[in-house]
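The structure appears right after this line, and notes come after that.
Readers should treat all values here as calculations from the given coordinates under stated rules, not as data from a laboratory. All values derive from a computational prediction rather than experimental measurement. Counting neighbours? That spans all protein chains shown, and the Cβs are built from the backbone with ideal geometry, glycine included.
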Amino acid sequence: MALRAYPARAPADWCPMLVLGIETSCDETGVALYDSARGLLAHAVYSQVTMHAEYGGVVPELASRDHVRRLLPLVRDVLARGGARLEALDAVAYTEGPGLAGALLVGASVAEALALALGIPAIGIHHLEGHLVSPLLSRDAPRFPFVALLVSGGHTQLMEVHGIGRYALLGETLDDAAGEAFDKTAQLLGLGYPGGPALAMLAERGRAGRFVLPRPMLASGDLDFSFSGLKTAVMTQVRGKVLAEQDRADVARAFQDAVVDVLVAKSTAAIERTGLNQLVVAGGVGANRELRGALDKAGERAGFRVVYPELELCTDNGAMIALAGALRLGDQAMHARATANRSFTVRPRWDLATLVQP
Ligand code: KG4
Ligand code: ZN
């Protein structure tokens, strides 16, 4: 795991902070210990994937119950591996939303209770803000400002990022998120849940060009996306056919090629439009190898740098939440508020735009 101190250039009033990060927005219990002077000390993720796979998707009630079971043992484990006692913590950060209400409540209540008992601030973090800042934990971290391509199971957005809370939306999906399209297409191909990584693996054996799929909104002239038509196009191609293993791999390849083409073209256009020279890729789909290869090539051609979080930090994790917490608590006023106010809430639906500072 990369150990990295943040921020590289500390503001004058910034003081080092040891933050416990807790992520429970969906089907992964993530916990991390982040020291703003020394970097990420330890992190652990428990994935509920096998439990939900039986049902073909996340079952919210089961997710909450499993977070209850896993969270405290994970906190103990991460503290032990990070070499810190509970009393050494300066703050606790947790995902306040968006996500599943019950699952969010588990993380929020544990975080707030810990913070209350220790007399330290607790801060609720926007899940997407976590993904947006996660590349700052990578070995080859970007500097603000950058363009972020956020591609997860719930979101597909291009954002201009100038600092914590300083974001401008450049474009987003009008329907399905890229990860959602991967998951739904994988289901059509009988790959189970969650299908993204399985589809990507199958696509590696697929031959390019055997099936032809559209590139939705490639020529729309804006930076928005649409992926639901692509899934329908796959459905049309496979409906009523008995597909041999190689056919399935070829369909997977065609689907992945189409998604990657669109993501690369729009990201390159976002770089051109903003005049920035760094593209940061965050969210689960950012783990996709073909996407990474294609973005790297586009970056070489057009002269921009592409930065990815470490693979294990692309998907949901506590490290990104701890980091976002440390960044937000670096602000004195925010720190005072997080200590004084012990009431808390979760926000299953929460628009990132409401966090944007002028
Ligand atoms: O960011 P994330 O862990 O969770 C949220 O949605 O917030 O992203 C999960 C999504 C799922 O849709 C999953 O299928 C997709 O990321 N994913 C991938 C890959 N790994 C995860 N999609 C394509 N290729 C991958 N290698
Ligand atoms: Zn996520």
Worksheet item: If you place +1 on the Cβ of every Lys and Arg and -1 on the Cβ of every Asp and Glu, how big does the dipole about the Cα centre of the chain come out, in debye to the nearest 20?
Response: 380
Worksheet, complete the sentence: When the charge dipole of the chain is computed with +1 on Lys and Arg Cβ and -1 on Asp and Glu Cβ about the Cα centre, the Cα farthest towards its positive end, among 225, 244, 29, belongs to 244
Practice prompt. Go through the stretch 34-40 residue by residue and turn each phi into a ³J(HN,Hα) via Karplus (6.51, -1.76, 1.60, θ = phi - 60°); whole Hz please, and just put x for glycine and proline.
Written response: 10, 10, 5, 8, 10, x, 7
Practice prompt. Convert each backbone phi in the stretch 123-130 into a coupling constant with the Karplus relation 6.51 cos²θ - 1.76 cosθ + 1.60 (shift: θ = phi - 60°), then list the ³J(HN,Hα) values in order as whole Hz, x for Gly and Pro.
Written response: 9, x, 10, 6, 3, 6, 5, x
Item to complete: Compute the Rg to Rh ratio over the stretch 140-308 from the alpha carbon atoms, using the Kirkwood formula for Rh, and round to two decimal places.
Response: 0.98
Discussion item. Can you tell me which lysines have their Cα less than 19 Å from the Cα of residue 297? Leave out same-chain residues fewer than eight positions away.
Written reply: 266
Worksheet item: Which cross-chain or sequence-distant (5 or more) residues have an amide H under 5 Å from the amide H of residue 125, H modelled 1.01 Å from N in plane?
Response: 94, 95, 96, 97
Practice prompt. State the answer as a single residue: which of 341, 39, 111 lies farthest towards the positive end of the charge dipole of the chain, with beta carbon charges of +1 for Lys and Arg and -1 for Asp and Glu, about the Cα centre.
Written response: 39
Worksheet item: In a solvent-free Debye calculation with one equal scatterer on each Cα, what is log10 I(q)/I(0) for the stretch 217-358 at q = 0.13, 0.18 Å⁻¹, listed in the order of the q values?
Response: -0.83, -1.21
Practice prompt. Would you please put 302-314, 216-228, 22-34, 77-89 in order of how densely packed they are, using the mean number of other Cβ atoms within 10 angstrom per residue and starting with the highest?
Written response: 22-34, 302-314, 216-228, 77-89
Discussion item. How large is the convex hull of the C-alpha atoms of the chain per residue, in Å³?
Written reply: 131
Discussion item. Positive end of the dipole of the chain, charges at C-beta (+1 Lys, Arg; -1 Asp, Glu), about the Cα centre: which of 82, 170, 121 has its Cα farthest in that direction?
Written reply: 82
Item to complete: Pop out the ³J(HN,Hα) list for the stretch 149-161 in order, Karplus 6.51 cos²θ - 1.76 cosθ + 1.60 with θ = phi - 60°, rounded to Hz; leave Gly and Pro as x.
Response: 9, 9, 10, 10, x, x, 9, 9, 9, 10, 10, 9, 10
Worksheet item: Reachable lysines from residue 241, Cα under 24 Å, same-chain residues fewer than 8 places away excluded?
Response: 184, 231
Discussion item. Please state the shape class of the stretch 49-173: rounded when a/c is under 1.5, otherwise prolate if a/b exceeds b/c and oblate if not, all from the C-alpha gyration tensor.
Written reply: oblate
